[in-house]
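The values are calculated or read from the model by the stated rules, or taken from the named source; none is laboratory data. Since this is a predicted model, take the numbers as computed values, not measurements. Because the Cβ atoms are built from the backbone with ideal geometry, glycine has one as well, and the counts that use them run over all protein chains shown.
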Amino acid sequence: MAAGGLPPSGLRRGDQHADPRHVERNDALADTSIKKGNRAGLQAGLVLTLCLGATFLATQVIEYHRLGFNTGDTSFAATFFGLTGLHGAHVFIGLMILLVMTIRAFRGHFSAEHHHGVEIGGIYWHFVDVMWIVVYVTVYLL
Amino acid sequence: MRNPFRSEADAFRFVWLTIGYFVLIFVGSLINLWFGIAVFIVVTAVAFRWFFRRDTREAPVKQTTGREPAREYRILVVANETVGGPELLSEIRERSAAVTPACSSSAGAQLTAPALGHPTRTTLVQPRRRASTRASRRCWLPA
């Protein structure tokens with residue numbers, strides 16, 4: 001692996017993806033809705049979050065395909081793929097959790113009194129979002 | 001110490017704080033690289049100061065007050081085999097006005113009814129009920 005320029009030409013500033021803040025706002029919408037007993041709001045928020053999370057992963061795959069450099073090219077490339085790839089793995093896990101939450105929401109498992117599953121899934125999703133803000137600013141902006 | 005991420009709302013607030021933190025640093029670095037570093041040091045110091053000086057005491061546990069009228073009585077149902085034990089019986093005698101087996105009347109008749117269709121359950125329940133009643137009588141409970 002060679003030490004290379006920062007960043008390589010394949011990556012442009014502000015290149016990336018669905019803005020994660022939109023994704024997590026919908027998750028907060030889902031949580032707020034079920035606290036008020038609004039099941040339709042919960043279902044809408046979860047489906048929207050699921051779709052935007054899947055869009056995020058899809059754009060990440062497209063970005064990897066178009067970058068023009070690979071993990072072994074430079075030290076930046078290795079760091080870039082390490083950071084964004086690990087985040088992508090966390091998003092994938094989050095999507096699996098969201099999928100289970102969405103199925104349970106449509107089966108009527110959550111209510112205003114009992115929504116612990118939504119609460120915990122939401123905390124994980126926000127953790128993933130905070131990590132993306134750090135990665136995004138470090139890799140794409142600064 | 002109170003967990004700062006106890007709820008989804010706490011985590012959501014932390015997301016916005018993180019966004020604000022990085023926006024300040026990014027805007028500072030756009031103006032001038034060294035200004036960006038200075039902003040980073042200042043906002044990090046502010047974050048540390050807030051974290052270590054915040055109120056970490058647990059919020060008092062909310063007590064709910066009973067809504068029932070003053071002359072309303074409460075019924076404790078003990079639904080396991082330990083009611084035959086002398087320690088529990090003496091505790092019940094100390095705290096309660098009257099004790100009665102739950103299967104003594106209509107519920108007991110239902111259990112023995114053939115319509116229930118569970119003869120094994122009936123044969124299991126009845127000896128246990130008789131043993132509990134005998135144990136209650138031994139402790140001079142009005143069973």
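Take the residues of region B:23-42 that are β-branched (Val, Ile, Thr) and crowded, with 16+ Cβ neighbours inside 10 Å: which is nearest to the other protein chains (Cβ to nearest Cβ)? Show your work before the answer.
Let us first name the residues in region B:23-42 that are β-branched (Val, Ile, Thr), namely B:23, B:25, B:27, B:31, B:37, B:39, B:41-42.
After this cut, where a residue has to be crowded, with 16+ Cβ neighbours inside 10 Å as well, the list is B:25, B:39.
Numbers: B:ILE25: 7, B:VAL39: 12 Å.
Selected residue: B:ILE25.
Of the listed requirements (1) farther than 24 Å from A:GLY41 by Cα; (2) within 14 Å of chain B (Cβ to nearest Cβ), A:GLY72 misses just one: (2). Entry remark, region A:85-121: residues being of a type in the set (Gly, Ala, Ser), within 12 Å of the chain's Cα centre (by Cα) and within 14 Å of chain B (Cβ to nearest Cβ) number 1 in total.
Okay, residues lined up against (1) basic (Lys, Arg); (2) closer than 16 Å to A:VAL118 by Cα:
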position	(1), (2)
A:GLN60	no, no
A:ARG66	yes, no
A:GLY72	no, no
A:PHE80	no, no
A:LEU86	no, no
A:LEU95	no, yes
A:VAL100	no, yes
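Screening A:LEU52, A:LEU48, A:LEU83 for residues that are of a type in the set (A, V, I, L, M), closer than 18 Å to A:MET96 by Cβ, surrounded by fewer than 18 Cβ atoms within 10 Å (Cβ to Cβ) and modelled with pLDDT of 90 or more leaves exactly one candidate, A:LEU48.
It is to be established whether one or more residues within region B:6-22 are closer than 22 Å to A:MET131 by Cα, within 11 Å of chain A (Cβ to nearest Cβ) and outside any helix (DSSP H, G or I). Yes.
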